[in-house]
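K.L.:
Following this message is one structure expressed as structure tokens.
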Amino acid sequence: MSGSVLIVSATRAEARHLPAGSRLLITGIGKVRATMALSRELAAGAPVRQVINIGTAGVLRDEVVGPGRDLFIPSSVLEHDISSAELRAMGYEMTDRWELPDGDGTVLASGDTFVADPVRRAQLARHADLVDMEGCAVAHVSAQFGIPCRLVKAVTDNADEGAMEWPELVDAAARKLGHWIELNAGG
């Protein structure tokens, strides 16, 4: 795999099954940590032709997943925990959605809130298919540096009380992510 493809993951657990030789950045969980780590890495100047953010996600609408449909490449990502409409009304320009090339049509909502509440899940499902905690930060930083970005998300839960079982589910998701990288990110 080409060293100019930077794979970004919040945790080592999600990246456990990447192919040997993958260029990997572990950021830590959440938008701030992802923003800081990726900004530092890209500012350091080593060539990067593509950023691929791998990780797990909760599904917001049951009909999105099905047999053989639990790995997604979102076409857009939005930041769900910022008051963009209110800030725009006060005259501040806000970007809270990023369009991503070559996606599968799904929308990912990112925020620093771990979604395990059915009420919050229903609210988010009006705007998105999946939820995670870093995707929008990786997309934002990549866009600022002018580097193409892809998000690859493996579903581990339904963004409800079952999300608390994430530690037991992450390894199976990491295997799927590693396999996808092996097949699609060579180079």
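K.L.:
Of all the residues that make up the range 142-178, how many are more than 27 Å from Ala116 (Cα to Cα), surrounded by fewer than 23 Cβ atoms within 10 Å (Cβ to Cβ) and touching a strand residue (DSSP E or B) at 6+ places or on another chain (Cβ under 9 Å)?
P.N.:
4
K.L.:
State the number of residues belonging to the range 94-134 that are touching a residue at least 60 places away in the same chain (Cβ under 8 Å) and closer than 18 Å to Leu151 by Cα.
P.N.:
Residues flagged as touching a residue at least 60 places away in the same chain (Cβ under 8 Å) and closer than 18 Å to Leu151 by Cα within the range 94-134 amount to 10.
K.L.:
On to the next question. Does Val131 fit the bill of being within 21 Å of Met36 (Cα to Cα) and in contact with a strand residue (DSSP E or B) (Cβ under 7 Å, 6 or more places away or on another chain)?
P.N.:
Criteria met by Val131.
K.L.:
Restricting to the range 89-146, give me the number of residues that are part of a helix (DSSP H, G or I) and over 21 Å from Gly58 (Cα atoms).
P.N.:
6
K.L.:
Kindly check whether there is at least one residue in the range 124-139 that is at pLDDT below 95, out of contact with any Leu (no Cβ under 6 Å at 6 or more places or on another chain) and small (Gly, Ala, Ser).
P.N.:
No, every residue in the range 124-139 fails to be at pLDDT below 95, out of contact with any Leu (no Cβ under 6 Å at 6 or more places or on another chain) and small (Gly, Ala, Ser).
K.L.:
Looking at the range 1-56 only, could you name the residues that are open to solvent by 50 Å² or more (accessible area, probe 1.4 Å), at pLDDT below 95 and touching a Pro at 6+ places or on another chain (Cβ under 8 Å)?
P.N.:
Met1, the sole residue that qualifies.
K.L.:
Within the bounds of the range 39-53, is there any residue that is touching a Gly at 6+ places or on another chain (Cβ under 9 Å), without any contact (Cβ under 8 Å) to a residue 40 or more places away in the chain and of a type outside the set (Gly, Ala, Ser)?
P.N.:
Taking every residue of the range 39-53 in turn, none turns out to be touching a Gly at 6+ places or on another chain (Cβ under 9 Å), without any contact (Cβ under 8 Å) to a residue 40 or more places away in the chain and of a type outside the set (Gly, Ala, Ser).
K.L.:
Condition first: in contact (Cβ under 8 Å) with a residue 60 or more places away in the chain, assigned to a strand (DSSP E or B) and either open to solvent by 50 Å² or more (accessible area, probe 1.4 Å) or among the hydrophobic types (A, V, I, L, M, F, W, C) (or both). Can you find one or more residues in the range 72-79 that meet it?
P.N.:
yes
K.L.:
What's the number of the condition Val155 fails, among (1) within 19 Å of Glu63 (Cα to Cα); (2) part of a helix (DSSP H, G or I)?
P.N.:
Only one criterion in (1) within 19 Å of Glu63 (Cα to Cα); (2) part of a helix (DSSP H, G or I) is unmet by Val155, namely (2).
K.L.:
Another one. Sort through Glu86, Glu134, Glu93, Glu63 and tell me the only one that's open to solvent by less than 70 Å² (accessible area, probe 1.4 Å) and of a type outside the set (A, V, I, L, M).
P.N.:
Only one candidate qualifies: Glu134.
The values are calculated or read from the model by the stated rules, or taken from the named source; none is laboratory data. Keep in mind the model is a prediction, meaning the values are calculated, not measured. For neighbour counting, all protein chains shown are included, and Cβ atoms are generated from backbone atoms with ideal geometry for every residue, glycine included. SASA here: full protein model, heavy atoms, side chains in, ligands and nucleic acids out. Shrake-Rupley method; radii C 1.70, N 1.55, O 1.52, S 1.80 Å.
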